[in-house]
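Notes follow once the structure below has been shown.
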Amino acid sequence: MNDTFSLSRFGLLLKKTILERAMQIIGAFAAVLAFTFLLYTLILYALDWGPAQNLAFIWGFIGGGVVLSSVVFSYFTTNAGGASYLTLPASALEKWLCGVLISGPLFCLVFLSFFRLMDYSFVTAYHNGLDRSSPLYRSLYDHVYLYVFEDNNVVIKATVLYTNFVGAMMVGSLYFNRVALVKVALVVCGMLAAIYFLNLGIVSLLFSNVDVAFPYFTVLIKVQSEVGSIELPHYAYDITNNFLQYVLPGVLWITAYVRLREKEI
Amino acid sequence: MIQFNNLSFGYSPKKLLYKNLTLEIQSGSIYGLLGKNGAGKSTLLKNMVGTLFPVEGSVMVNGMVPKTRKPSFLQTIYYIAEDVYVPALTIKQYKNLFAPFYPLFDSDNFYRYLTELEVSVDGKLNKLSFGQQKKFVIAFALACNTRVLLMDEPTNGLDIPSKSQFRKLIASVMNEDRIIFISTHQIRDLENMIDNVIIVDDGKLLLHASVADIADKVCFKTVSEIPAGVKVLYSEKMLRGTAVVMENIDGDDSGLNLEQLFNGVTENPAMAKQIFSTN
């Protein structure tokens, strides 16, 4: 018997994972999609198309991924639930892959399909509602297009944040047995605050008149009434970028696997 | 066979609950693990199934290491926790999703056990009462036909007829290759069912003996006066005299009273050790 990975056992596990808590998983999906829809319409009503598309995508994608990843390993709220999960005859790799598959590819597929459909419906309705005989028709039409997923800086940044936050949530839900979502949110906020102030301290030693010193890309300094951005040298930017895009999420997602193997209850 | 080799375990590395525990559990026996609340009964079971890991030493279950939680190991062991986990599924759905993980699962027996334990098969499992859920889990565990069956307080929440039915079922599924390990503080539920007794207290193994060995070493009597010159492990004033657990020097054949034995061993561990260490 293969104790590391068996395709048939993985199939059984995936089926069991989804059907065992179908309402919980479908409910989480439904809540995320409803939230995205609501955000899109509210921001569209209050602001404009650009912010509506961007903010609905960012919050829906990242927030939704985090919510779903908090569900996939949420067996440990009771001793019996945790024991039942850990003692089910499947390998840690299979259990981890199941969680990864649901909060990764499955979520992305459902969310992106929904977002595309929702965006298409809104944009098409807008385009169809325009008066073709109006002299402003062309400019009004060109004001709004379908949200682009490829070569879109917002989508790239949101994907980086998604992989990091989902990884953190998976690790957190295997450390905190109860209300993991809240506890992980508090830990992440605490860490971001600590990094922010550390970064601010270091930047303040190097420059005067620091305006904003949020880690990663945003260090701004004030020169009289003007605000200037400090950019990292190319090699340092690449290192930081690679770290945030690949290394940190990789470490977090693998840590979730290691933690699952070592989990005690 | 289950072997504990110098097992040390503690929830905090500074305060160990078990220290250098060495114990061997043979196949073909039903073991009763007795202990007070917080004595470390559940901890011992969790070390056997691999949901807790030893700090030092090792546990081996039929030659496998529980800590690794390999599927080939988990297929051979079933652990029923004290509280119950059942998802919002019907019995049939549960069987269809969970049973394929256990190659020796017997569907016919499963439904027979459910009938014998009078578990309602309609509706979702999470809507059943705690007792019904517990009986369902017991029926499923028995139907899995695993070589090792660990049960933590299985009779908690069971009504009186169900406790009796539970004892009958356990006796009926026992065979030479199987180990059934029942942890409880409801001692009377185990009487006439177990053939080996393990008593732990405060992380220490106070007694590990077969029922036959216990009957050979101690006798349970009700006397008007406590006899002199005999080691009395436990005494308790009753309406009709004094119940005693004492050294069996005359080879008397008295019935086993687990509760009195447990009280005697936990109150007087040094004497118990003395009595049970003699040949």
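No value in this document is a laboratory result; all are computed from the given coordinates. All values derive from a computational prediction rather than experimental measurement. When we count neighbours, we look across all protein chains shown, and the Cβ atoms used for this are built from the backbone with ideal geometry, even at glycine.
Quick rundown of the values:
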item	result
Residue order, fewest to most beta carbons within 10 Å, for B:Ile77, A:Ile26, A:Ile18	A:Ile26, A:Ile18, B:Ile77
Cα-Cα over 28 Å, subset of B:Lys67/B:Lys134; B:Lys19/B:Lys168; B:Lys70/B:Lys127; B:Lys15/B:Lys231; B:Lys95/B:Lys163	B:Lys19/B:Lys168; B:Lys70/B:Lys127; B:Lys15/B:Lys231
B:Asn126-A:Ser8 FRET efficiency (beta carbon distance; Förster radius 35 Å; 0.05 resolution)	0.80
Chain A - charge dipole about Cα centre, Lys and Arg +1 at Cβ, Asp and Glu -1, debye rounded to 20	860 debye
Ranking of A:Ser70, B:Ser164 by count of other Cβ atoms within 10 Å, fewest first	B:Ser164, A:Ser70
Degrees, to the nearest 10: B:160-173 long Cα axis against longest axis of chain B	80 degrees
For B:Val244, net neighbour charge (Lys/Arg +1, Asp/Glu -1) across residues whose Cβ lies under 12 Å away	-1
Mean Kyte hydropathy of 1.6 or more with a Cα span along the axis of at least 15 Å, helices from DSSP in chain A	A:22-46, A:180-206
FRET E, pair A:Thr218, B:Thr68, Förster distance 45 Å, beta-carbon r, rounded to 0.05	0.45
Inter-label distance, nm, simple model (7 Å from Cα along the C-beta direction), A:Val154/A:Val188	2.0 nm
Positive-pole candidate from A:Phe10, A:Ile25, A:Thr87, dipole of the stretch A:7-178, charges at beta carbon	A:Thr87
Å³ per residue enclosed by the Cα convex hull of chain A	177 Å³
Added length on full extension, which subtracts the Cα-Cα distance from 0.36 nm per residue, A:Leu101 to A:Val251	52.3 nm
Over the stretch B:47-193, relative contact order from alpha-carbon pairs under 8 Å, at least 6 apart, %	24 percent
Residue among B:Asn175, B:Ala99, B:Val200 farthest towards the positive dipole end of the stretch B:96-200, charges placed on Cβ	B:Ala99
Highest-first arrangement of B:82-94, B:44-56, A:134-146, B:132-144, where packing means the average Cβ count within 10 Å	B:132-144, B:44-56, B:82-94, A:134-146
Under 22 Å between alpha carbons - lysine pairs in chain A that sit 8 or more apart or on different chains	5
Cα Rg over Rh - the stretch A:128-265, Kirkwood	1.14
Whole-percent pair-distance distribution, where bins are 10 Å wide, for the alpha carbons of the stretch B:1-89	15, 47, 31, 6, 0
Distance between the stretch A:80-137 and the stretch B:219-268 - C-alpha centres, whole angstrom	70 Å
Point-charge dipole on Cβ atoms (K/R +1, D/E -1) for the stretch B:2-202, about Cα centre, debye to 20	540 debye
Kirkwood Rh and Cα Rg combined as Rg/Rh, the stretch A:193-257	1.09
Between helix B:107-116 and chain B: long-axis angle, C-alpha atoms, 0 to 90°, nearest 10	60 degrees
Selection from B:Val65, A:Ile265, B:Asn37, by position along the positive dipole direction of the protein assembly as shown (Cβ)	A:Ile265
Sequence-separation-based contact order of the stretch B:150-258, relative, with Cα cut under 8 Å and 6+ spacing, percent	22 percent
Mean separation of Cα contacts under 8 Å, 6 or more apart, over the residue count of chain A: relative contact order %	20 percent
For the stretch B:15-173: span of alpha carbons on each principal axis (Å, largest first)	48, 33, 29
Shielding by partners - mean other protein chain Cβ count within 10 Å, residues of B:90-102	3
Tail fraction, Cα-Cα pairs, the stretch B:44-97, threshold 15 Å, whole percent	56 percent
Projected area, mean over directions - the protein assembly as shown, Cα convex hull, nm²	36.1 nm²
For chain B, alpha-carbon Rg relative to the globular expectation (2.2 N^0.38 Å, N residues)	1.07
Debye, to nearest 20: dipole size of the protein assembly as shown, +1 on Lys, Arg Cβ, -1 on Asp, Glu Cβ	300 debye
Helix axis angle, B:258-267 relative to chain B longest principal axis, alpha carbon, degrees	60 degrees
Calculated FRET value between B:Gln93 and A:Thr78, using beta carbons and R₀ = 30 Å, to 0.05	0.90
Computed over the stretch A:137-200, the ratio Rg/Rh where both radii use C-alpha atoms and Rh is Kirkwood	1.24
Pair B:Asp250, B:Ser210: separation of 7 Å Cα→Cβ label points (nm)	2.6 nm
Inter-chain Cβ neighbour average for residues B:64-70, partner chain, 10 Å	4
Calculated SAXS-style log₁₀ I(q)/I(0) at q = 0.14, 0.18 Å⁻¹ - the stretch A:111-150, Debye, Cα scatterers	-0.35, -0.53
Shielding score for B:75-83, defined as the mean number of other chain Cβ atoms within 10 Å	4
Residue list for the stretch B:226-251, given a label point 7 angstrom along the Cα-to-Cβ vector of B:Arg188 and an amide N cut-off under 19 Å	B:235-245
